[in-house]
Amino acid sequence: MAKPAATPKKDIAVDGLDPEKVKAALIDRYPTKVARKRAGQIIVNSIAPGDAVPAVQSNVRTVPGLMGQRGCCYAGCKGVVLGPTRDIVNITHGPIGCGYYSWLTRRNQTDPSTTPDGHNFMTYCFSTDMQDEQIIFGGEKKLAQAIQEAYDHFHPKAIAVFATCPVGLIGDDIHTVCKKMKEKLGINVFGFSCEGYKGVSQSAGHHIANNQIFKHVVGLDDTVREGKYKLNLLGEYNIGGDAFEIERIFEKCGLTLISTFSGNSSIDGFANAHTADLNLIMCHRSINYVAEMMEKKYGLPWIKVNFIGAGATAKSLRKIALYYGEPALMARVEAVIAEEMPRVTAALEEIRPRTQGKRAMLFVGGSRAHHYQELFTELGMTVLSAGYEFAHRDDYEGRKVLPDIKVDADSRNIEELTVHPDPERYRPRKSPEEMERLRAEGVPFSEYRGMMPEMAEGSLVIDDISQYETDAMLEIFKPDIFCAGIKEKYTVQKHGIPMKQLHSYDYGGPYAGFAGAVNFYREIDRMVNSKVWDYLKAPWQKNPELSATYAWA
Ligand code: CFM
């Protein structure tokens, strides 16, 4: 594929400003080398026919010294992908800080009443609490003891072990320890070499998590559950109860959810996931690997969906119905949409006049900066700028650029599993002709268009934004709302601009599905129309000179 031009030639403006000039201002103060690197990561959006957009340098190391938003590989593996599964005892092998500071910080909710044993270990923090002694003489013995202790106390179905930076540095072989303990205890015990320093961000941890769950869990249980339309929901983590709302909608539509990776999930669902007939990918960045591997090994196809935004939810439901192709299901899905939409329309009629024309910026991990643009569009708001912390080019530009992505040393570090069709269990769910026909009808198998083709011309796409650039963007544009995470929240508010946390939802949510969309509209209305920001003036802005006296002489 021919590479699109890096800089658009068109005369475009964003919020009345020349975006190229804004870009120049953002990198103006950087040393030459840093400016050059950031110039490849700060892109003025421009869409050519065939959805061709400029390349965004992404999934590369953050420049040392720049304050970024990213997390580590361990965070992506233990926290993001495995964290929401309630019935695996997740042991952090490392110093206590890694476990303690990643404990209950993500708002992935769960409902233990849906599994018979009612296990829920998410509220516990399991750590081997490595000390100097283990760093010097090795921590394998202590890890085996920790696994035994966890087993004795809780009798879980599975125990997972997560390596932190020092474990990789001293060379503890967690996988052999896990194997031995698996034989000894007779339960599933498996490890993740997700040392924090691996890769350039938490994205590496997602990949490692996908690999190990696929190797050690998926396919262990062949029981075929009842249900006509069986599917898995991948990349939905039940933040603020999002998965509960999606489950509610699925149930109404008559869809049978075999497993979710991994919001409100149980390990039993993963083991059984290969028996479903369709994989839905919500967060492409964190979970596309397992969908690809399941397709190769078991033959179930995947489609990209989005349940953020009422319109996007309806569209996704229609795609699912089209895939199964049964008139009864299509009719039921239409009936559900017709039943759910009036409350959405009523809320928008009331709120939209107050939000119309307001301007937003979104800088979140690897999916939400894209997905949440749907909700802002529904509110009549403009997205001036957006970017991911750690996503890859395919999340920006679409999967069509996958063959063009250069694999660098950091990515080569992460294992790429070779997967073959299962001799007994590989079963294509649709024939190649059916797949072709469905594609033509609007079921885009294995496709993700990426964020940029859906953004306005001239909007600024910024990968791995730094705090310095954040401050500059706030000063230049003074948006009506800025979306990011807790690390950014208070600096943004100090600019007098409301800040919505799109990771944790600021203790709110759900924002997925129809009910979630209404929640979001109300929240954003409250935030962008609050008068409180006009009262925010620092003392030195009101009285530039403060008088003081010496307390002693
Ligand atoms: Fe996917 Fe996520 Fe996200 Fe992500 Fe995350 Fe998250 Fe996120 Mo925080 S899996 S990429 S690693 S949608 S924890 S639920 S909000 S950065 S945009």
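Exceedance of the 28 Å cut-off in Cα-Cα distance is limited, within the set K406/K500; K33/K304; K230/K304; K182/K230; K78/K304; K37/K406, to K406/K500; K33/K304; K182/K230.
Considering only the other residues whose Cβ falls under 12 Å of the Cβ of L169, what net charge follows from Lys and Arg at +1 and Asp and Glu at -1?
On the way: positive: K198; negative: D172, E195.
Taking every other residue near L169 into account, the sum is -1.
The charge dipole of the stretch 487-553, taken about the Cα centre with unit charges on the Cβ atoms of Lys, Arg (+1) and Asp, Glu (-1), comes to about 20 debye, rounded to the nearest 20. Give the distance, in whole Å, between the Cα centre of the stretch 64-104 and the Cα centre of the stretch 530-547. About 39 Å separates the Cα centre of the stretch 64-104 from the one of the stretch 530-547. Cross-link reach is defined here as a Cα-Cα straight distance under 18 Å, omitting same-chain residues fewer than 8 places apart; for K252 the aspartates and glutamates meeting it are E226, D242, E326, E334, E339, E340. Ligands, DNA and RNA excluded, the heavy atoms of E457 present near 60 Å² of accessible surface to a 1.4 Å solvent probe.
Counting only aspartates and glutamates at least 8 places from K21 when in the same chain, those with an alpha carbon closer than 13 Å to its own are D11.
Using a/c under 1.5 as the rounded threshold, could you call the stretch 119-214 rounded, prolate or oblate? The axes a ≥ b ≥ c are square roots of the C-alpha gyration tensor eigenvalues, and prolate needs a/b larger than b/c, oblate otherwise. Kindly include the intermediate steps, with their values, before the conclusion.
On the way: a/c = 1.63, a/b = 1.16, b/c = 1.41.
It is oblate, given that a/c is not under 1.5 and a/b is not larger than b/c.
Sorted on the mean count of surrounding Cβ atoms within 10 Å across their residues, most packed first, peptides 215-221, 324-330, 313-319 read 313-319, 215-221, 324-330. Give the residue from I337, M499, P428 lying farthest towards the positive end of the charge dipole for the chain; charges sit on Cβ (+1 for Lys and Arg, -1 for Asp and Glu) and the dipole is referred to the Cα centre. Projecting each Cα onto the dipole axis, the largest value belongs to M499.
Using +1 on the beta carbon of Lys and Arg, -1 on that of Asp and Glu, and nothing else charged, what's the dipole of the chain about the Cα centre, debye to 20?
On the way: 66 positive and 69 negative charges, 155 e Å.
Result for the chain is approximately 740 debye, rounded to the nearest 20.
Each label was represented as a point 7 Å from its Cα along the Cα-to-Cβ direction; for E416 and L104 these points are 4.2 nm apart.
At 18 angstrom or more along the helix axis (alpha-carbon based) and mean Kyte-Doolittle of 0.0 or higher, what helices does the chain contain? Whole DSSP H runs only.
Values: long enough: 140-154 (21 Å, -0.89); 202-216 (21 Å, -0.89); 284-298 (21 Å, -1.01); 310-324 (22 Å, 0.17); 327-355 (40 Å, 0.07); 513-528 (22 Å, 0.15).
Answer set is 310-324, 327-355, 513-528.
A 1.4 Å probe over all protein chains sorts L257, L375 by accessible area into L257, L375, starting with the largest.
Measure off, as a whole percent, the carbon and sulfur share of the 1.4 Å-probe accessible area of the stretch 116-267, all protein chains present. Spell out each step's value before the answer.
On the way: 3170 of 6110 Å².
Of the solvent-accessible surface of the stretch 116-267, carbon and sulfur hold 52 percent.
Using C-alpha pairs under 8 Å with a sequence gap of at least 6, the mean separation divided by the residue count of the stretch 269-315 gives a relative contact order of 38 percent. Computed over protein heavy atoms with a 1.4 angstrom probe, the accessible surface ordering of T114, T128, T176, T32, largest first, is T32, T114, T176, T128.
The values are calculated or read from the model by the stated rules, or taken from the named source; none is laboratory data. Keep in mind that this is a model prediction, so the values were computed, not measured. No Cβ is skipped: glycine too gets one built from the backbone with ideal geometry, and neighbour counts run over all protein chains shown. The accessibility values were calculated without ligands, DNA or RNA, using every heavy atom of the protein model including side chains. Shrake-Rupley method; radii C 1.70, N 1.55, O 1.52, S 1.80 Å.
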